[in-house]
Structure formats: C-alpha cells, structure tokens
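The structure appears below as structure tokens.
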Amino acid sequence: MFRLISAIIIFILSCTSIHAEDNTGSDLLSELEQDIKLYSEIATETNQNVDYMPYVISTLRNEDLVELGVLNLREAIGLLPGVDLNVGMAGIKNPIFRGSNPYAFGQSRLIIDGMEVNDQIFGGYNQLLDMPIDIIHRIEVVRGPGSMLTHVNGFAGSIHVITKANRDDGQKVEDNVFAMLGSDSQAGAGIIKSFDLAGGRFSSDLYYQKNDIYLEVGEDRFGNAGETNQNLKNYQLGLNYENGGLYFKSRLSKNESGVSYGQAFSLTDDDSDYLDVENNSIELKYTKAISNKVNIEFALNYFDENRDLQNKVMPDGTMLMMPPPPRLLVDGRYFLVNYSEQTFAQRLQLNFDFSASHKFQVGVQAKQAKIKDNNAAVSDDGLQSSSGFSLFTNEKRDINTVYFEDMFEVGEKTTVQIGGKLSQYSDVEDQSALRLAVVHRYNDKNIYKAMYSQAYREPSWREQYLSAPAFFLPNTDLDPEEVDAYEMSYIRRLGHRDFFKINAFYLKNQSQIDAQNQNRTFDNSDENKLYGFELEYELDLFSRDVLHVNYSYLEGDNVTGQLANSAETLIDVYYLYRISDKWNMSGLLEYVGEKGRIEADAREDVDQYALVDLSAGYKGSEKSIKVTFTVKNIFDREYSLPSPANTYPGDFPQSGRTWMMRVSKEF
Amino acid sequence: MTNIKLILALLLLMLMHCKSYAYEYDPLLLRAQAALFPKIVLLDKDVREKLKSNSLEILVLHVENDLINAELTKALIEEKYRKTNKNALSIKLVKYSDFKDSMIATAYFLLKGTDDSVKMVSNFAEKNNRVTFSYDYNDFDSNALLSVIMRERTYIYLNKKSVQKYNIKFIPLFYKIVKVVE
C-alpha cells in the first residue's frame, strides 16, 4: 500500500514537473516572441531595415559624420547621391533633389523629431540647415516622392532628422557637451541633457554658434562688386518630455545673419543690414493602444516663423524708372520686412497591426496657416523715414488632408505598399496622390524595389501673394506642382554595413513653378521630364574602415526644355579609417559637374568643381573626450554656385580653405 | 602646400603606429541577440544536464582586439537575462586563440572571428551537443548553429546543415518561430 501511495505521489510529482517544464517552455517562447516583436519594432522605427522599406532611403549616422568632419545638416545632406545645393535670394542655400525645380524651396520636406518644419512664406526650411551634427543622432533621407511619415507630403525628397535628445532606438540619451572653433571666427558650444521627471523622461539640447564669413563677389546687377556679409549667429533649444503614451516636443531656433547676395540680388554697402529668422515648433502627441491590434495617435502641432529684414536693395544714385515719372534715389533704397506666420495642425491617425505581415494606417490632418505680422516698407532717405504696406495680399491658408497606407506581405519575400492622400486647400486647387510600391527580397543578399508615386506641392506665399516690388514677381493664378515618379532599386547586401545599390528614376513633373521667364513672374511651366540613376557602394576594406562611393547621373529638363542649375554628374567619395579604437582619419571628395543655364541666359555653363576635405579625430574610452580636426576644401579650390540670369554675371563664389576643431565629452 | 604635406605626413605616421582595432558590430542587432540568445538556450530540452554548478555557463568567444565588444556582449546578456529571473548565469570571455577542449560550457556565443576559429569552436560544441550562437549568420558555413538577423522583421535563423549533427532537441514550438536556412 505504502509503495502504491509512493508510486502515485511520484507519478503526480513527475506529471507536475512535466507541466512545469512545459509552462516554463511556453513562457520562454512567449517572451522570445515578444522580444522578436520589440526588436522588429525598434528596427522599423529607427529605420535599421531601410533596405526593405518601399522607398529610396539613405541613412547618415552621427559617428560617421563627425569623423568625416561634417559640420552641419546642410553639409550632411550634400553627401547623398542626387542631392545638390542651389543659392536663392539673400544667399539661401537650398537642397535640390535629382535636379527637380532648383528655383523652388519647398519641394523637399524637413522633419525634425517627427515635426515638419517647412514654412509657408517660401515652403522651405533653410534656416534650420545650420543645425550642428553634434546634436543629431541620425539623418534619414528619402529621395523621390513620399515620406516615411505617411502624413508628410514629400515632393522630391524628405529629410528626417532624429536628434540625440530624441533618440528612438530604446537607448538612454547620452548627456554631452560640445564646443567648436574654426577659421572665419567660427565658434560654438552646446549641451545635451536628459533626466527622469515626474515618472517620465525629460531631454533637451541647447547650442549657440557663430561665424564672421565674408565672401568676395563680382559685379551685381547694378555693377557694384565687393564683399558679401554671410555672418551667422544661430541658436536652438530643444525641449522634450515623454511619459507613457504622451509626448511633448519643441524646438526653438533663431538665425541672425547678414544679407549675403541681397534680397533683390544687389550688393549692399550697409554692413548693418540683417536678416533675422526665428522658428518655433511644438508638438503634443498622445498614443494609446485601444486593442491588441489597433493603436490611436493624436497630435497637436504649432509652428511659427518671424522674419525681420533690413536690406539696401538699390545703391545710392539709382534712377528709378517705375512707376513713372523717373526719379533719382540719392540715398538708394532700403527694403524692410517685419513678417510672422503661424500654423496650427491637428492630426488623428489609426494604426492597425493586423499581423506581423500586415499593417494599415489611416489618418486625417487639418492645418490652419495664417500671417500674424504682414509689414513691409521701403525707405528712400537712408532710413530716416519709410512708407509701409502689406507684404502679402493673402493672409491665410487652410489645408485638410486624409491619407492611408496599407502595407502587407505577399508570400514570405514580397511586401506591397498601397497609399493615398487627398488634400483640400482654401486657396488653391484640391490635390490627390497615389503610391504603389513593391519590395521583393529574393534572398538575404538581393533586394528589388519598384515604386510608382505621385505628389504635389502647393505654391508658396512668396510665389503667389507677394505685394512688394521684387526681383521675381508673384502670380495669384498658380496651380500646385505635380509629379509622377517611377523608381526602381536593386540592393546587394555585401555584409553588416557593406552594400551596393542602384536606383533608377523617371520623374514626370507638371506645372513646375519658377520665374525664369521674360517677365520674371512666377508661372507654371510645361511638363518636363527628369531621369537618371544613382549608384552607391559602401565597403569596409580592412574591417576598420568605411569606403563609400556614390555616383549620380541626371538627364532631362527642369525649366522649359533646359536642365538648369543642376549638374548631370555628382560624385561623392569618402574613406574613413579607424586607425585604432582611439584614432581615426578621413578624406572626403565631392565632385559636382558642369551646370547648364536657362535658354535666355547666354552665359557659359557653371564650371565643374571637386573639393577635398581631410579630418583626423581622437576619442578616449567610453565617456572621455572626442576631438576632431577638419580642413575643408584643402586645396583652396575656387568654385561658384549659379546665380539667376541678370543678377550676378560672375555667379556666387563660395568659401575657400577653412578649418574647424571640435571637442565633445559625455558626462 | 607645405602645410598639407605636413598634415598628410602626420596622418601617415599615426597610421603606421596604431595597429589595434576592434571589429564593428551593429549595436541594435547585438542587443537583440543578447536578449534572445539565453532564452533560446533554455529551450533546449536537455539544458539541465548542461548546466555547470546549476548555473547557465556561457562562453563569449572573441578575437584578440575585440575585448571591448566581448565585454559589451557580456554586459548586455547579463542585463537582459536579469529580467527573466531564471537559472543563475555565468559568462566568461575567451579569446578564440585561447580556446581549449576542456572548456565545456552550456552554450557558446561567437563574436566575429576567422572561419577556422569559428569552425573549431562550433565543431567542439557540436561534438558535445552544445548550442553555438553566432553574431554573423555567415558563420553557418563554419558550422555555427543559430543566429538572429534583422531584415524587414527580426528572425531567428537555424542552420539546416548543422541541426542534425548537433543533436539538440528544442521544445517543439520553437521550430515554429525559427527559420531553417542553409
């Protein structure tokens, strides 16, 4: 009997043990599945898996950029295939994607920590491109229409900046201080700091930088030559707070600069002329899972921009012919602007995770943009008095957009994306866009993508509503720009970081807005086509280095039959050698081919140029000091960016050799 | 021009004098692997027989100049494992060049190494029915058993050529979430 009881007890115990083991196994398995889901989500959020996403994307990481001696966001973007810079009025340097309308500022979108920061006056974001690399964690750039944020309407490209204070890879924000010193009195310093606060996480960055750059320029349209004031004082403050599903993000920025080549492409003789631009962006976002498969996202955004300008746009002794009768401006003419705009936006989005292989998003966004200060004036007596008027004839624009994106897998190797967007404007024609993309992973090493997408860009207020007498004149009858883009991409993954990529594109642009005509008035041009390809090759030769080569080739036309202000060939090559865990050195070569001009501009093409930068860096152990020394344009090559016709005949000469020392330390 | 020559000469000098350098790892992938690896080891039905002093003993194999990444891997595994609260854990760092036949552990985490060194450890683990987990799934050619990769999603890869030879029996449901690859 005793044996029987013992046997029964042993049997029960063994059964219990088996069940316990099974439970442990299933618990572990469930944990394992949760981990897989978590890391898949982080990889998607941080775009580590960009090669599998239905866009042409390049990612630039802080570590590489610092070691390459890249100073700011503008320089970083210039490293990408198909991206070039163009100079507009007041020296604004604007990125151009694949040669698409180099005279527009809003064809690409800048998104900082998920906040879109393009303004309404130009549609651009130039003043934010001076952001130093030291506060940036990662830059992701989509070339072509679309954006990784479905509600953002990228036309030719979109630039996503993830700051260190807002890093989204699940890692703690690294507290950091940095400082820089260089030629032309370049100097700056900043700090990144985060801490726990009221059950959530607070993070911030703050920096200040300045330079005293003056560049020699040839004759302007009045026949004056001399120095242009490119001085810059720039500061930004980023403040963020996250608690559960609640996010607060903000970025306050101010640029105080000289007027460069002038608001109206004339050289000022008054060194006190200035252009101050202030931007503030705030986002309050709440996300909540309403079921296992559905998540709701609600965001409120605020954006404002203030511009103050004083610019002597006509020199002493100018004979003013219009309006008649002709009169002599003995003290020249000043143009003064005090302008501010505000945009409020509300967005509601539902995210459906039907399964790991099927995700669907649908959302609605309402934007209300208006002008708050609309003041301009001219002074013909050396600023003793001025006569004021409204800068713009229209003061508001409402935009309501609905959008969706469906991404699902067909079989194990193919992902399909279908998206759509419809925008209703209060002052221009309504627009719609479709997107269809397929990504096929033939195997782990070979990935193919095919994409068809449409996009639109509404005219900027400067193009449409300016009332001031300006070099380029507005047109209230403008239609939005439209594009149909066809893209193909092949990616060969060669190793952990090593890859070869080839992208081919064909862009059918319609109603492009430019003022490159006889009347210098903004107008929609006829259909134009741009096509070409981009090659990218990245390789570590000795497991301690990065060799990157990219080559872009562009054909077609962007301004009525011509390929203006855009190089057919762009090449970037950089080599980064990590000599040891402490020392690194790098070389960077940038080649930009000849640039053509519009038909009415009889000048020779803009010369090709090649620039070489060299850097050397030192970093100690985990938290110790990092030092980078960089010489830019080491061979002091003279080169110019194209000026519009009838402005500066000799184009816009750029900086020669400069140097910069940067120091940073974690704490 | 003289300045440029001087700078180039200095850089060349630095290049000649600094030889040590670690491999480069994807930080997110390493974190994911550190989280997944010990849990996979525990799904071995016979894991209890492979514990050392009732503790899960893991050897992290690395090359001479990769100590920093080996230490990082150890710290990550410990950090992630602490949350699971399972058996005791002991992690040892061993250079491929110092690996000996006496080093029988519960499982082996293989950082980057030469094909021969990875093969040596993998063959030893195979003989002793121990799990090998490699950072780089290309080490499957060198007989490593498991790896984790990040593509459009995160996948656990199981080496089809090696799985029979290792003769390790994982719980059946595990085979439903892994991808068996060649």
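Just so you know, all these numbers are worked out from the coordinates, no wet-lab data involved. All figures in this text were calculated on a predicted structure; none of them were measured in a lab. For neighbour counting, all protein chains shown are included, and Cβ atoms are generated from backbone atoms with ideal geometry for every residue, glycine included.
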Only counting other Cβ atoms within 10 Å, I'd like A:ASP113, A:ASP304 sorted with the fewest neighbours first. A:ASP304, A:ASP113
Sparse-neighbourhood loop sites, chymotrypsin sites (Phe, Trp or Tyr not before Pro) in segment A:364-448 - DSSP loop, at most 14 other Cβ within 10 angstrom: A:TYR442
One finds, for A:TYR286 and A:LYS370 with R0 = 25 angstrom and r their Cβ-Cβ distance, a FRET efficiency to the nearest 0.05 of 0.50
A correct fewest-to-most ranking of A:SER543, A:SER640, A:SER253 by other Cβ atoms within 10 Å would be A:SER543, A:SER640, A:SER253
Within the protein assembly as shown, what percent of beta bridges assigned by DSSP are antiparallel, to the nearest 5? 90 percent
In segment A:531-591, what GluC sites (Glu not before Pro) fall in a loop by DSSP, with at most 11 other Cβ atoms inside 10 Å? none
So which aspartates and glutamates can A:LYS582 reach, going by Cα to Cα under 16 Å and dropping same-chain residues fewer than 8 places off? A:GLU63, A:ASP64, A:GLU67, A:ASP545, A:GLU622, A:GLU666, B:GLU24, B:ASP66
Most exposed first, judged by fewest Cβ atoms within 10 angstrom, A:HIS548, B:HIS62 run A:HIS548, B:HIS62
Set the Förster radius R0 to 51 Å, insert the Cβ-Cβ distance between A:ASP381 and A:ASP427 as r into 1/(1 + (r/R0)^6), and round the FRET efficiency to 0.05. 0.90
What does the structure give for B:39-45 when I average, per residue, the other chain Cβ atoms found within 10 Å of the residue Cβ? 3
Tilt of helix A:2-45 relative to the longest C-alpha principal axis of chain A, in degrees (0 to 90, nearest 10)? 10 degrees
Mind checking the mean number of beta-carbon atoms from other chains within 10 Å of the Cβ atoms in A:27-40? 6
Contour excess over end-to-end distance, with Cα ends at A:LEU348 and A:ALA470 and 0.36 nm allotted per residue: 39.9 nm
With only helices counted (DSSP H, runs n ≥ 4, each -39500 (n - 2.57)), the per-residue ellipticity at 222 nm for the protein assembly as shown, to the nearest 500, works out to -5000 deg cm²/dmol
Give me the number: length gained by fully extending B:GLU64 to B:ALA88, i.e. 0.36 nm times residue separation minus the C-alpha to C-alpha distance, one decimal in nm. 5.9 nm
Over 19 Å between Cα atoms: which of A:LYS164/A:LYS249; A:LYS37/A:LYS359; A:LYS413/B:LYS179; A:LYS172/A:LYS285; A:LYS37/B:LYS83; B:LYS50/B:LYS127 fall into that group? A:LYS172/A:LYS285
Take A:ASN446 and A:TYR531, extend 7 Å from each Cα along the Cα→Cβ direction, and tell me the distance between the two endpoints in nm. 2.5 nm
Set of aspartates and glutamates with alpha-carbon distance to B:LYS161 below 18 Å, sequence-local pairs under 8 removed: A:ASP444, B:ASP115, B:ASP116, B:GLU126, B:ASP136, B:ASP139, B:ASP141, B:GLU182
For chain A, diffusion coefficient by Stokes-Einstein and Kirkwood Rh (Cα), 10 °C, 1.306 mPa s, µm²/s: 59 µm²/s
Simple label model, 7 Å out from Cα along Cβ direction - A:ALA602 to A:LEU197, nm: 6.3 nm
